[in-house]
Amino acid sequence: MPRETFISHASPDRAFVERLVAMLRRHGVPFWYSDINIQGGQQWHDEIGAALGRCDWVVMVLSPAAVRSRWVKSELLYSLRQYRLDQRIVPLLLQDCPYDDLSWTLGAMQMVDFRSDFDAGCRDLLRIWGIGYRGA
């Protein structure tokens with residue numbers, strides 16, 4: 001079970017991420033999600049950096065918007081440099097996209113496919129942590 005999972009995503013994918021975090025919450029998986037964890041008046045770039053430094057897993061929501069996002073790219077590159085996150089970066093394929101544009105290393109990672117079936121994607125994601133999926 002993760003201590004805390006950082007959720008990296010592009011803003012246009014917010015509806016999917018809201019659904020994802022609701023599922024994680026129902027299954028007791030601790031997560032850090034900017035829309036919930038950054039309070040008014042906080043320096044969001046400092047909060048993101050602190051969360052990345054603290055979290056022990058990173059979930060990357062991949063979509064065309066994510067590939068274009070400089071913040072998603074920065075979060076991924078930071079995560080790849082952290083030895084403690086080796087084998088703990090989980091790419092979630094939300095939509096077909098040229099994810100190699102973010103990093104050539106993503107193609108070598110096992111993707112969790114959310115393109116056609118949210119429940120199947122949730123089941124596969126939770127299986128990584130040894131958690132059984134209970135549907136909505």
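The values are calculated or read from the model by the stated rules, or taken from the named source; none is laboratory data. In this text the structure is predicted, and so the values were computed from the model without any measurement. Quick note on the areas: whole protein, heavy atoms, side chains included, nothing else; ligands and nucleic acids left out. Shrake-Rupley method; radii C 1.70, N 1.55, O 1.52, S 1.80 Å.
For VAL90, the residues whose modelled amide H falls within less than 5 Å of its own, excluding neighbours fewer than 5 places apart on the same chain, are VAL58, VAL59, MET60. Rounded to the nearest 500, what is the chain's calculated 222 nm mean residue ellipticity when only DSSP H runs of at least 4 contribute -39500 (n - 2.57) each, over all residues? Value at 222 nm, helices only, nearest 500: -12000 deg cm²/dmol.
Determine the per residue accessible area of the chain with all protein chains present and a 1.4 angstrom probe, expressed in square angstrom.
Per-residue accessible area for the chain comes out at 53 Å².
Of the solvent-accessible surface of the chain, computed with a 1.4 Å probe over protein heavy atoms with every protein chain present, carbon and sulfur atoms account for 48 percent.
The stretch between HIS27 and MET1 holds 8.3 nm of extra length on full extension. This uses 0.36 nm per residue minus the Cα-Cα distance. Relative intensity of the range 48-136 on a log10 scale, I(q)/I(0) at q = 0.17, 0.24 Å⁻¹, equals -0.74, -1.29, per a Debye sum over C-alpha point scatterers of equal strength in the absence of solvent.
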